[in-house]
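A short write-up of the structure that comes next.
Every read-out reported here was derived from the displayed coordinates using simple, explicitly stated rules and does not represent laboratory data. These figures come from a predicted structure and were not determined experimentally. FYI the Cβ positions are ideal-geometry reconstructions off the backbone, even for glycines, and counts take in every protein chain you see.
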C-alpha cells in the first residue's frame with residue numbers, strides 16, 4: 001500500500017508578484033526550489049496564511065537569488081503581493097517506508113532568501 005506524505009515545504013515565504021495574464025503556475029526562485037527538493041513542473045499546494053486560501057498549481061523556475069515567489073494566471077486572484085504563503089509538495093511512498101521518511105523543510109528569511 002502507498003500513502004501520500006509531505007515531501008517538502010517552503011514555510012512562510014512572501015509573495016513578490018502576481019501576474020493574472022499568464023498561462024498559470026507559481027514561479028519560485030531556483031535557490032528555494034533546490035533547497036526544498038522541488039523540481040520544475042512539480043505539482044504543489046499553496047496555502048495562503050493571510051486569507052486561508054488553499055490551491056494547487058505547478059512550479060516554474062524563477063531567477064536564482066532573486067527571492068521570487070510569483071503566482072501566475074488564475075492563482076494570482078488568490079493572493080496579494082506581500083501575502084505569506086506555504087508551498088507544499090507531497091509524494092507517494094510505501095506505508096512501511098513512510099514510518100522513516102523525513103520531509104525537507106525550508107524556512108526562508110523575510111526576503112525569501114535561504115538563511
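Here are the numbers for the structure shown:
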item: Filter result for residue 114 (more than 17 Å from residue 15 (Cβ to Cβ), in contact with a helix residue (DSSP H, G or I) (Cβ under 6 Å, 6 or more places away or on another chain), touching a residue at least 60 places away in the same chain (Cβ under 8 Å) and surrounded by fewer than 18 Cβ atoms within 10 Å (Cβ to Cβ)); result: yes
item: Selection within the range 1-38 - closer than 15 Å to residue 105 by Cα and more than 10 Å from the chain's Cα centre (by Cα); result: 5, 6, 7, 31, 34, 35, 37
